[in-house]
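Asks: Structure incoming, see below.
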Amino acid sequence: MTRFVTPEGVTGARRSLPLWLWGFFALASLACQSSRIGPPPNAPRLSRAADAMPADLDLVLRLDLHKIRDALGAPAMTALSEQAVQRIRSADRGTEVLLLRALEQTDTLWLGVRPTRTLEIADSVFVMSGHFPNFDPHRAESTPRFAGAIDLGGDLRRYDRAQPPTRGAPARIYVQGEELLVSLSAAEIDSVERSLEEQRGMPALEPAEKGVLSVVARPQVLPLELLADVASLRRVVRSAQRLELTADLAGSGLDATLALKFEDASLAEQVAHALSEMCAALGQSSGRLSRFATRVKVGSAGQYVSLQLVLGKDELSELVNCRGSACAW
C-alpha cells in the first residue's frame, strides 16, 4: 500500500533534522550562488605634476628647461650637464648620473621640498616632463640598486630600492610611459602613494604655469640664512601666509616678481610701506645688496605685497656667477 506524506509530515521531518545539517545546507546554498565581482580599481593617473606632488611639502618650484635651453643654447646646457656629472663624488653616483641624464631630456622640472640647509637631508619629490626613451632605473649602477619594475597599470611603472645612503636621495622612481618621471626620497613614499596610487591626497602647493621659473611656498618654514643681516626683512617674509615668485628671461635679462600674501589688506599695506622704506635705506648703504635694492619696485593690492626686480644681461650674469665668500652682499 502506497503512503502519501502530507505537508504536515514534511514539516515534521524538517523539524527532526539535526541543526548542524541545516547549517550545512545553508552553506551549500550560499556556495551555489553566483558571487558578484566588482570592477577593478582605476589605474593611477599621472597626467600632470600635481598628481604626484604631496601636500606636506612646503616649497614647490617649477623650472622651464626648454625655455632656458632656447636662451642659453643646447651646447651650453650640455656642457653644464657634463661638468655636473664629472663633479659627482657621492656614494650613489649611479643614481645621480641617471637623473642628470634625464634632466638633459626634460622640458619642465617640478621640485617639491621640505626646506633644510642642504638638499642632502631634505625630503623631496622631483617630477620631470619630457621624453625619456628606454629609461630604466633597474639597469643603473645605483647603491643600493633599484629592483625591477612593478606595473601599476595605465602605463605607469614603479621602481623601489632599499634605504639609500642619505635621507634626501631617491628611494623610489615612477615612470609614466616615456613622458613623465617622478623621483622621491624615502620620507615621501607614503604621501606620494596617497596622492598618486590611491588618488586621495590633499591638494598640494602648485606654482604658476608661467615664466622660466615659478615658486610657491609657506614662508614660515623657509631657511632664510641669506637674509641673516637683514633681520627685519626676514621677519616680514616669515609673517606672510604665502609666498609666490615668478621670473622670466627678457632680452637675456631677468624680470622677476615676488608676491607675499598677508592676513588682510591693511597689514599688506603696512608691510608694503615698510619694505619701500627698507629698500630706500639699503640703497644708501654699500655692497651688492644695495645696488639691487634700488632696482626693486614695491606695490600692494588687497592682501598681496609685490616686489618686482628687472635686471639686464650683465647684472644677471653677475648675480648667477656669484660664489663663495668673495660674493659679499
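Asks: Sequence-distant or interchain residues sharing an amide H contact under 5 Å with THR143, placed H: which?
Replies: Those qualifying (amide H under 5 Å, at least 5 residues apart or on another chain) are GLY94, THR95.
Asks: Return an integer: the convex hull volume of the alpha-carbon atoms of the range 108-227, in Å³ per residue.
Replies: On the way: hull volume 15.8 nm³, N = 120.
Per-residue hull volume (Cα only) is 132 Å³.
Asks: Related question: Which order do peptides 286-296, 258-268, 176-186 fall in by mean Cβ count within 10 Å, highest first? Intermediate results must be reported in sequence, preceding the final value.
Replies: Details: 286-296: 14.5, 258-268: 16.2, 176-186: 20.9.
The most tightly packed comes first, giving 176-186, 258-268, 286-296.
Asks: In addition: In what order do LEU99, LEU275, LEU319 fall by count of nearby beta-carbon atoms within 10 Å, going from fewest to most? Walk me through the intermediate numbers first.
Replies: Working: LEU99 17, LEU275 21, LEU319 14.
Neighbour counts put them in this order, fewest first: LEU319, LEU99, LEU275.
Asks: Related question: So, in nm, how far is label ARG288 from label SER266 when the simple model puts each one 7 Å beyond its Cα toward the Cβ?
Replies: 4.1 nm
Asks: Then there is this: Which net charge results when you count Lys and Arg as +1 and Asp and Glu as -1 among the other residues whose beta-carbon is under 10 Å from that of VAL221?
Replies: My count for the surroundings of VAL221 gives +2.
Asks: Shifting gears a bit: Sort the range 41-207 into rounded, prolate or oblate with this rule: let a ≥ b ≥ c be the square roots of the eigenvalues of the Cα gyration tensor; rounded if a/c is under 1.5, and if a/c is not under 1.5, prolate when a/b is larger than b/c, oblate otherwise.
Replies: Values: a/c = 1.35, a/b = 1.24, b/c = 1.08.
Rounded shape, in that the Cα axes give a/c under 1.5.
Taken together, the values in this text are just the output of simple stated rules run on the coordinates, not laboratory data. Remember, predicted model here, so these are calculated numbers, not experimental data. Neighbour counts are summed over all protein chains in view; Cβ atoms, including those assigned to glycine, are modelled from backbone coordinates with ideal geometry.
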